[in-house]
1. Which residue is most open to solvent (accessible area, probe 1.4 Å), if the candidates are limited to region 61-119 and must be within 23 Å of residue 185 (Cβ to Cβ) and hydroxyl-bearing (Ser, Thr, Tyr)?
2. With the checklist (1) touching a strand residue (DSSP E or B) at 6+ places or on another chain (Cβ under 9 Å); (2) buried (at least 20 other Cβ atoms within 10 Å of the Cβ) in hand, flag the one item residue 141 doesn't pass.
3. Are there any pairs with C-beta distances below 7 angstrom linking a residue in region 11-29 that is polar (S, T, N, Q) to a residue that is surrounded by 10 or more Cβ atoms within 10 Å (Cβ to Cβ), with the two at least 6 apart or on different chains, and if so which?
4. Run down 8, 37 and say which single residue is out of contact with any Asp or Glu (no Cβ under 6 Å at 6 or more places or on another chain), basic (Lys, Arg), more than 30 Å from residue 142 (Cβ to Cβ) and in a strand (DSSP E or B).
5. Here are 45, 74: which of them is assigned to a helix (DSSP H, G or I) and of a type in the set (Asp, Glu)?
6. Conditions first: (1) loosely packed, with under 15 Cβ neighbours inside 10 Å; (2) within 19 Å of residue 59 (Cα to Cα). Residue 124 passes all but one, so which condition is the exception?
7. Identify the single condition in (1) under 21 Å from the mean Cα position of the chain (by Cα); (2) under 30 Å from residue 199 (Cα atoms) that residue 71 does not satisfy, given that it satisfies every other one.
8. Is region 13-22 home to any residue that is out of contact with any strand residue (DSSP E or B) (no Cβ under 9 Å at 6 or more places or on another chain), over 30 Å from residue 136 (Cβ atoms) and at pLDDT below 95?
Amino acid sequence: MVGQLGDKLDAHLKRATSNGFAGAVLVVKDGQVILSKGYGMANRERKIPVTLDTVFDIGSLVKQFTAAAILTLEMKGKLPVTDSIGKYFKNVPPDKATMTIHHLLTQTAGFDAAIGGDYEVISRDEYIKRALNTKLLSAPGEKYKYSNVGYSLLGAIVEMRSGQDYEQYVYNNLLKPAGMSLTGYRIPKWNPDAIAHNYVGNTDWGT
């Protein structure tokens, strides 16, 4: 902590932990770090505190990495985002015949929010089959609707066009060049004690 502002922020965040706040905080002002510290518990049951090295689940922010992976493939000449999804998936039904990669990227494909639960194990081929057979909420390009489905299909396209596992492609082409060696799913091989648990109220949703 540096200076009066750092002290005030630290005191505020310490109070917030009594209401369940947990997180790692970095505050920079005019190029100077005034606060860099962990607060609360990463694992309440085992009383493991949050530190600056705690690993957090970034949730749907992974969509930004998926979009960037698609754009690197376009830069490499592997695909144009104007391609229809029928170029990558077999047996695309008529209601999705005009759907493009761009529609998936911009959340205008017409899909509902999700297929299955966040932790349901579904193979890539089975997921594609379910997505293609699901009823659209609107025609491709007609409306914006936030959806995990389109981005899961984009992840499949990344694998198909790159010939690599999704995480490996993202690591090789985005994370490693950016020096982000501690971002990913399995590649970083974290110590389980370093991974923060997700809590909703007093319910532990695990990692």
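The values are calculated or read from the model by the stated rules, or taken from the named source; none is laboratory data. Remember, predicted model here, so these are calculated numbers, not experimental data. In this analysis, Cβ positions are derived from the backbone assuming ideal geometry, glycine residues included, and neighbour counts consider all displayed protein chains. Please note that ligands, DNA and RNA were not included when accessible areas were found on the heavy atoms of the full protein model with its side chains. Shrake-Rupley method; radii C 1.70, N 1.55, O 1.52, S 1.80 Å.
1. Within region 61-119, the match that is most open to solvent (accessible area, probe 1.4 Å) is 119.
2. Only one criterion is unmet by residue 141, namely (2).
3. From region 11-29, the pairs are 17/39; 17/40.
4. 37
5. After applying the criteria, what remains is 74.
6. (2)
7. Of (1) under 21 Å from the mean Cα position of the chain (by Cα); (2) under 30 Å from residue 199 (Cα atoms), only one is false for residue 71: (2).
8. Checked against the condition, which is being out of contact with any strand residue (DSSP E or B) (no Cβ under 9 Å at 6 or more places or on another chain), over 30 Å from residue 136 (Cβ atoms) and at pLDDT below 95, region 13-22 yields at least one hit.
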